[in-house]
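Engineer: Sharing a structure below in structure tokens format, with a few things to ask.
The values are calculated or read from the model by the stated rules, or taken from the named source; none is laboratory data. Everything numeric here is computed off the predicted structure, so don't read it as measured data. When the accessible area is computed, the model is the full protein with side chains, heavy atoms only, and any ligands, DNA or RNA have been set aside. Shrake-Rupley method; radii C 1.70, N 1.55, O 1.52, S 1.80 Å.
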Amino acid sequence: MKRVLFAFVFLAQSLRAQEYKDFGKDRLNNSPRHAEWVDIKSGDRTIKAFVVYPERKDKAPVVIVTQEIFGLTDWLRSLCDELAENGVIAIAPDFLNGQKFEDADGAVKAVSALNAEQINSVLDATSDYALTKIPSANGTLAICGFCRGGSWAFDYATTNPKLKAVYSFYGTALDDPAKIAKVPCPVYGFYGENDARVNATVPKAEELMKAAARKYEPVIYNGAGHGFMRSGEPNNPAMREADKKARDEAWARWKTLLKQL
């Protein structure tokens, strides 16, 4: 029995390590778009942020990209490039100050240790930078987030009245009426069908957002699991077909929404 249990634990750890394995550098290395690291003052410290610019002749909206629980990975940076390909400036702050991790557990622990004050401080600094320090920005600001970052993005809307849209990918939804009353913009949710932990928070948010006369449009993608934007990525060595289908559908929807900024 012990051998069976050990084998199961070993397999679970191996699968998780495979899921965490980073990817995305090929897209970044082959992109025609300009990308750079910038320094942003946040209180007494300086944080790094990754910025990708679209190829367009006019000024562009800015989308803050809020990391998943694994941190500011190569995959997340490649998604910034994909956003820029669709006409917006994407900026992803590094909440973990350049820390790198060999496994998922280390990243998860570090991200989980961040408190609301730290998170909002980084997002405030990034918002200010996006609106005042990027000459090619047109003054329109939105935010997206994935996993833990999807929750942060929804919550951050309650503190930043300048936001024009929130795109929350499989992050838990708000359940505080006082906070929801402060949401200044539409919130678009992207959820996987096989993600009951997160999806259980959606109906309450729908109820509260409707009561507060706020726009909330959650879509649940059939057959998809948590993290389908990463696990459905074609370049992911552990790509899952059902998640790829959901990712394609989510991107089609997102592209339409981005054009409305």
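Engineer: Counting alpha carbon pairs within less than 8 Å and at least 6 residues apart, what relative contact order, in whole percent, applies to the stretch 110-225?
Structural biologist: With pairs under 8 Å counted, the relative contact order is 20 percent.
Engineer: For residue 216, list long-range residues whose amide hydrogen, built 1.01 Å from N in the peptide plane, is under 5 Å from its own amide hydrogen.
Structural biologist: 187
Engineer: Report ³J(HN,Hα) in whole Hz for each residue of the stretch 241-255, in order, from the Karplus equation J = 6.51 cos²θ - 1.76 cosθ + 1.60 where θ = phi - 60°; Gly and Pro get x.
Structural biologist: Taking θ as phi minus 60°, the curve returns 4, 4, 6, 4, 4, 5, 4, 4, 5, 5, 5, 4, 5, 5, 4 Hz for the stretch 241-255.
Engineer: Could you tell me how many cubic angstrom of Cα convex hull volume the stretch 21-133 has per residue?
Structural biologist: Normalising the Cα hull of the stretch 21-133 by residue number yields 95 Å³.
Engineer: Quick one: pull the percentage of alpha-carbon pairs in the stretch 97-137 with a separation above 16 Å.
Structural biologist: Tail fraction, whole percent: 52.
Engineer: Around residue 261, which amide H atoms from residues at least 5 apart in sequence, or from another chain, sit under 5 Å from its own amide H, with H modelled in the peptide plane?
Structural biologist: none
Engineer: May I pose another question? Once you keep just the Cα pairs under 8 angstrom separated by 6 or more residues, what percentage relative contact order results for the chain?
Structural biologist: Value for the chain: 14 percent.
Engineer: As a test of the definition: which semi-axes, in Å, follow for the stretch 109-261 when you take the square root of five times each eigenvalue of its alpha carbon gyration tensor? Largest first, please.
Structural biologist: Each semi-axis is the square root of five times an eigenvalue, giving 24, 19, 16 Å.
Engineer: In the chain, carbon and sulfur make up what percent of the accessible area (probe 1.4 Å)?
Structural biologist: Within the chain, the accessible surface is 52 percent carbon and sulfur.
Engineer: Would you mind estimating how fast the chain diffuses translationally, via Stokes-Einstein at 37 °C and 0.692 mPa s with the Kirkwood radius over Cα pairs, in µm²/s?
Structural biologist: Reported coefficient: 175 µm²/s.
Engineer: Using the heavy atoms of the protein chains and a 1.4 angstrom probe, tell me the accessible area per residue for the chain in square angstrom.
Structural biologist: 49 Å²
Engineer: Send over the per residue convex hull volume for the stretch 68-150, Cα only, as a whole number of Å³.
Structural biologist: Enclosed volume per residue, from the Cα hull, is 96 Å³.
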